[in-house]
2 protein chains.
Amino acid sequence: MNLSDYIHTIPDFPTPWIAFKDISPLLANPDVFVYTINEMAKKCTDTDLIVGLDARGFIFGAAVAFALHKPFVMVRKKGKLPWEIVSMDYDLEYWSNTICIQKNSIHQWQNVAIIDDVLATGGTAQATCRLIEQCWGVINSLVFLMELEFLAGRKKLAGYKVSSMIAF
Amino acid sequence: MNLSDYIHTIPDFPTPWIAFKDISPLLANPDVFVYTINEMAKKCTDTDLIVGLDARGFIFGAAVAFALHKPFVMVRKKGKLPWEIVSMDYDLEYWSNTICIQKNSIHQWQNVAIIDDVLATGGTAQATCRLIEQCWGVINSLVFLMELEFLAGRKKLAGYKVSSMIAF
């Protein structure tokens, strides 16, 4: 199955010169979505828990956690998660961002798989790795639906096991 | 299984006097999460497609769509979805909000199940119903993980089939 057939490229969204990768056709086709989740799940069989990134990472992360019968943990933007939080600031090209996880969500030395829809520059993924390591989790793998290879996000994730289902 | 045991109430979050319902313990327990998804799925068997609301609705909606092998469609805040969009403005207590769906995501007379984590005042759910009906979809059911009964959200959804797994 060629998954890239189910990702539409939308020019100039959300701003001019950005080519947005739209996952809606993939989600709209159950055969393709179920195949995708099962393929992503194969990359996470050795992990203790699945971490999904707000918001589209929730779609893939939660379905993989369901398929594998593993715990699911949310990583969210600042102000969205209650209770005791660990947070990580990181710089993007034109601004900075903060992601958070609940402190008690990962136990020491647990093997973690991080799931998101897109690997672009790798900034968010790298910050997520640091966040999880600050909670004493061990990054077992990072699994993306797609990877924008020209942005070289894998370079920022050197030393980690990185998989993507589609490369652009 | 008493699902309410896996929802923690966090006082004064995100602002004073708000008691936040934290779904993290439910997501962290695979037996409970899988049971929840299967119970929610039972309420959606007659539908053609599953609509999930950004962001926590994605967790439950995508897993139900995976379990039932049905299409999954995202409803998101303004500016998040590309291509041709239908949008709906609605008022909340202190501000207003806009939700969007892709125009081509629902075909005429398709039966739709709407999935979200919380039914509170019902404002977002009601706006989602209108949005889908504007696309000529038919609301078959609304399925929530939990319902805050004292906020009487069901009143706004009179005439629709509404289910929740937990009532507070």
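Answer with yes or no whether B:ILE101 is in contact (Cβ under 8 Å) with a residue 40 or more places away in the chain, surrounded by 22 or more Cβ atoms within 10 Å (Cβ to Cβ) and within 22 Å of A:ALA62 (Cα to Cα). Here the answer is yes, as B:ILE101 does meet what is asked. When residues in the stretch B:2-51 are screened for being in contact (Cβ under 8 Å) with a residue 60 or more places away in the chain and of a type in the set (A, V, I, L, M), 8 of them pass.
Quick check on this structure: which one of B:SER87, B:SER96 is over 21 Å from B:VAL34 (Cα atoms) and modelled with pLDDT under 95?
Criteria check complete, one pass: B:SER96.
Scan the stretch B:130-163 for residues that are under 16 Å from B:ARG76 (Cβ atoms) and either in contact with a helix residue (DSSP H, G or I) (Cβ under 7 Å, 6 or more places away or on another chain) or hydrophobic (A, V, I, L, M, F, W, C) (or both) and the total you get is 3. Scanning the stretch A:1-18 for residues that are within 9 Å of chain B (Cβ to nearest Cβ) and either polar (S, T, N, Q) or assigned to a strand (DSSP E or B) (or both) yields A:HIS8, A:ILE10. Within the stretch B:65-88, if we keep just the residues that are open to solvent by 80 Å² or more (accessible area, probe 1.4 Å) and in contact (Cβ under 8 Å) with a residue 12 or more places away in the chain, the residue that is nearest to the other protein chains (Cβ to nearest Cβ) turns out to be B:TRP83.
For beta carbons closer than 7 Å, sequence separation of 6+ or different chains, a first residue in the stretch A:128-140 that is outside any helix (DSSP H, G or I) and a second that is small (Gly, Ala, Ser), the qualifying pairs are A:ASN140/A:ALA113.
Name the residues in the stretch B:115-160 that are among the β-branched types (Val, Ile, Thr) and open to solvent by 10 Å² or more (accessible area, probe 1.4 Å), would you?
If we filter the stretch B:115-160 for residues that are among the β-branched types (Val, Ile, Thr), which is where we start, we get B:115, B:118, B:121, B:124, B:128, B:132, B:138-139, B:143.
If the condition is that a residue be among the β-branched types (Val, Ile, Thr) and open to solvent by 10 Å² or more (accessible area, probe 1.4 Å), then B:VAL118, B:THR121, B:THR124, B:VAL138, B:ILE139 are the ones that fit.
If a residue counts only when it is small (Gly, Ala, Ser) and touching a helix residue (DSSP H, G or I) at 6+ places or on another chain (Cβ under 7 Å), which strands (runs of 3 or more DSSP E) contained entirely in the stretch B:19-99 have at least 1 such residues?
Working: elements: B:19-22, B:49-53, B:72-77, B:85-91.
So the answer is B:49-53.
Apart from one condition, B:TRP109 fits all of (1) surrounded by fewer than 24 Cβ atoms within 10 Å (Cβ to Cβ); (2) not in a loop (DSSP other than H, G, I, E, B); the exception is (2). Annotation: A:ALA62 fulfils all but one of (1) modelled with pLDDT of 95 or more; (2) more than 27 Å from B:ILE10 (Cα to Cα); (3) in contact with a strand residue (DSSP E or B) (Cβ under 9 Å, 6 or more places away or on another chain); (4) not acidic (Asp, Glu); the unmet one is (2).
Does the stretch B:45-64 hold any residues that are farther than 16 Å from B:MET146 by Cα and either polar (S, T, N, Q) or more than 7 Å from chain A (Cβ to nearest Cβ) (or both), and which are they? B:THR45, B:ASP46, B:THR47, B:ASP48, B:LEU49, B:ILE50, B:VAL51 - these are the residues of the stretch B:45-64 that are farther than 16 Å from B:MET146 by Cα and either polar (S, T, N, Q) or more than 7 Å from chain A (Cβ to nearest Cβ) (or both).
The values are calculated or read from the model by the stated rules, or taken from the named source; none is laboratory data. As the structure is a computational prediction, the values presented were derived from the model and not from experiment. Ideal geometry is used to build each Cβ from the backbone, glycine not excepted, and the neighbour counts take in all protein chains shown. Just so you know, the surface numbers come from the protein's heavy atoms only, side chains and all, with ligands and any DNA or RNA stripped out. Shrake-Rupley method; radii C 1.70, N 1.55, O 1.52, S 1.80 Å.
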